[in-house]
Amino acid sequence: MLNRIEGIVLKTQDYGEANKIVTLFSQEGGKITAMARGAKKPASRLAAITQPFTHGSFLIQQGRGMGTMQQGEQVESYRHIRQDIEATAYASFIVELIDRAVDDRTPQPSIFNLLQHALHAISDEYDPEAIALFVEWKMLPVTGIYPTLHQCTNCGATEGEFAFSFQQIGFLCHRCFSIDRYIIRLTPAQVKLIRTFYTVPIEQVGKLTLKKETKTFIKKIVRTIYEEQTGIRLKTRSFIDQLDRSPQYFPKKENPSTAPEEGV
Ligand SMILES: [Zn+2]
């Protein structure tokens, strides 16, 4: 059976001298793998179409086991992502997170939508670090984590000061701060930003301009949730950490102290 599948390449693995096993996140069928024969050879018509982040329309011959990719046409190449090291780093992080968090062959059109919009935004030169944060918060429920962010996890209050509690996996109001010794106090702006990351659909968020410190702070919270609750540790994170420690390689980057905070 020959199927036409629209999908985005999450990763590839070399197989033998000339072949690649391609993992796609497809609109209709979720995560699938297919053998792309000859795709390692630069002259192969499958070589370009099986590059990571490529959004394509693929013809896959489905047998009993892994399907075989017959051909593909590019829908989007996301060229900017490949040309900018920071964009590449965050896009790699996003595809690795999605690859790790989802099960094979489970249709999840909302995640396809999230992935497509995230790559689009990075390709349109939106801040890749903010987009990756967005995807991280959005992917928590996919891994079975539903943080309580609309009210206090303990008393249900919606008014007051809030802090994040890893123990409760959500917000605690100032009346309940004492139930967790390790709370992280939040400013009203940080509370609002975390809610935005978690609840607002990616296509509705305008161009987010956030201070480096704000991103680092919120990244620490979501990273800790992943590490403590899901056991998902991503290889691409260490590369991003290296980039963060070497700002001299990114002359384009805005000066964090002068970047306006807006769009939330
Ligand atoms: Zn409370």
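What is the residue count in region 133-152 for residues that are surrounded by 15 or more Cβ atoms within 10 Å (Cβ to Cβ), within 14 Å of the ligand (Cβ to nearest atom) and under 26 Å from the mean Cα position of the chain (by Cα)?
Matching residues across region 133-152 total 3.
Failed condition for Gly7, given (1) part of a loop (DSSP other than H, G, I, E, B); (2) open to solvent by less than 50 Å² (accessible area, probe 1.4 Å); (3) small (Gly, Ala, Ser), with all others met?
Only one criterion is unmet by Gly7, namely (1).
Is there a residue being surrounded by fewer than 22 Cβ atoms within 10 Å (Cβ to Cβ), closer than 22 Å to Arg4 by Cβ and over 13 Å from the mean Cα position of the chain (by Cα) anywhere in region 92-103?
No, region 92-103 has no match at all.
For region 61-81, how many residues are among the basic types (Lys, Arg) and surrounded by 13 or more Cβ atoms within 10 Å (Cβ to Cβ)?
Number of matching residues: 0.
List, please: which pairs have Cβ atoms under 8 Å, are six or more places apart or on different chains, and start with a residue in region 152-167 that is acidic (Asp, Glu) and end with one that is within 10 Å of the ligand (Cβ to nearest atom) and open to solvent by 70 Å² or more (accessible area, probe 1.4 Å)?
Filtered contacts from region 152-167: Glu161/His174.
Taking the options Lys31, Lys20, Lys40, name whichever one is surrounded by fewer than 21 Cβ atoms within 10 Å (Cβ to Cβ) and either under 20 Å from the mean Cα position of the chain (by Cα) or outside any helix (DSSP H, G or I) (or both).
Among Lys31, Lys20, Lys40, only Lys40 is surrounded by fewer than 21 Cβ atoms within 10 Å (Cβ to Cβ) and either under 20 Å from the mean Cα position of the chain (by Cα) or outside any helix (DSSP H, G or I) (or both).
In this structure, does Asp180 turn out to be open to solvent by less than 20 Å² (accessible area, probe 1.4 Å) and either over 26 Å from Arg100 (Cα atoms) or without any contact (Cβ under 8 Å) to a residue 24 or more places away in the chain (or both)? Step through it out loud before you land on a result.
Numbers: open to solvent by less than 20 Å² (accessible area, probe 1.4 Å): yes; either over 26 Å from Arg100 (Cα atoms) or without any contact (Cβ under 8 Å) to a residue 24 or more places away in the chain (or both): yes.
So Asp180 passes the test.
What's the number of the only condition in (1) in contact (Cβ under 8 Å) with a residue 40 or more places away in the chain; (2) over 27 Å from Asn113 (Cα atoms) that Phe197 fails to meet?
Just one mismatch for Phe197, condition (2).
The values are calculated or read from the model by the stated rules, or taken from the named source; none is laboratory data. Please read these numbers as outputs of a predicted model, since none were measured by experiment. Every residue, glycine as well, gets a Cβ built from its backbone with ideal geometry; the counts of neighbours run over all protein chains shown. For the accessible areas, the whole protein counts, side chains as well, though only heavy atoms, and no ligand, DNA or RNA atoms are used. Shrake-Rupley method; radii C 1.70, N 1.55, O 1.52, S 1.80 Å.
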